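Since the structure comes first, as structure tokens, the remarks are kept for the end.
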Amino acid sequence: MNNQPQNAKASTFRKLRTSAAVMLSAICLVGMTSCEDEDDDPIVDTYNQQDRNFAMASSENLNAQISFGQLALDNGEDDSVLEYATMLVSENTDSQTELEGIVDGTDVEISDGISDAMQTKYDELAMMSGEEFDRAFIDFQLELLDDSMSIYENEEDNGENFTLKGFAEKTLEKIKDHREDAVLVKAEIEIEGV
């Protein structure tokens, strides 16, 4: 009979321990869901005018790079230019597809063409071939890549939509890589031309 009070005490202790564990879990769960890091940027799924301008400018830029890459595949001669052009078409096509997916279902417009200035440069380069084309193409690439960086930097700094800002950051890194590659291609062309 002495065992009954001890069993009752053990049972009560187990119930208290279980209740305490449940209570602690609940407190932790509430604590985790209610904590907000004040340093985090809020998630914004709206589009300000900067976002809209960026989407249009970025799509024109990507379309231009695809067009120039295809032109280089047709008119270029040097293997390094052809390799660079292949990469340019592939990576910019991927970026264009990603941008289309981001704005799909929204009222944000993108371009399916290139700007008048890019078309003028395209027409100028299309008149060239071989070594002349290779040199003019890679020089233009360096200028274009330098100019296009500001499009993406501006979106990172002034855009509102978190998805477009992420796209801008990712694409800016690609542009920097493309520029480094273009510098190497230019050096290779110059060495071969000596």
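The values are calculated or read from the model by the stated rules, or taken from the named source; none is laboratory data. This is a predicted model, so every value here is computed, not measured. Neighbour counts run over all protein chains shown; Cβ positions are idealised from the backbone, glycine included. What goes into the accessible areas is simple: the full protein's heavy atoms, side chains included, and nothing from ligands, DNA or RNA. Shrake-Rupley method; radii C 1.70, N 1.55, O 1.52, S 1.80 Å.
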Checklist entry - Do you know which residues across the range 123-148 are open to solvent by 30 Å² or more (accessible area, probe 1.4 Å) and part of a helix (DSSP H, G or I)? => result D123, E124, A126, E131, E132, R135, D139, E143, D146, D147
Checklist entry - How many residues does the range 155-194 contain that are assigned to a helix (DSSP H, G or I), over 19 Å from N63 (Cβ atoms) and in contact (Cβ under 8 Å) with a residue 60 or more places away in the chain? => result 10
Checklist outcome for this item: Taking the range 106-136 and keeping residues within 19 Å of the chain's Cα centre (by Cα) and farther than 25 Å from E173 by Cα leaves T106
Checklist entry - Looking at F162, F167, which is the one that is more than 26 Å from I191 (Cβ to Cβ), open to solvent by 30 Å² or more (accessible area, probe 1.4 Å) and of a type outside the set (D, E, K, R)? => result F162
Checklist entry - Is there a residue being open to solvent by 30 Å² or more (accessible area, probe 1.4 Å), free of Cβ contacts under 8 Å to residues at least 12 places away in the same chain and either outside any loop (DSSP other than H, G, I, E, B) or in contact with a Cys (Cβ under 8 Å, 6 or more places away or on another chain) (or both) anywhere in the range 102-114? => result no
Item to check | Candidates T97, T86 - the one that is surrounded by fewer than 21 Cβ atoms within 10 Å (Cβ to Cβ), closer than 23 Å to E190 by Cβ and β-branched (V, I, T) | outcome: T86
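Which of the residues belonging to the range 175-194 are surrounded by 16 or more Cβ atoms within 10 Å (Cβ to Cβ) and not hydrophobic (A, V, I, L, M, F, W, C)?
In the first step, residues of the range 175-194 are kept if they are surrounded by 16 or more Cβ atoms within 10 Å (Cβ to Cβ); the result is 175, 178-179, 181-182, 185-186, 188-189.
The answer is H178, R179, D181, K186, E188.
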Next on the checklist: Given the condition of a type in the set (D, E, K, R) and either within 30 Å of T46 (Cα to Cα) or modelled with pLDDT under 95 (or both), answer yes or no: does some residue in the range 72-89 qualify?
Outcome noted: no
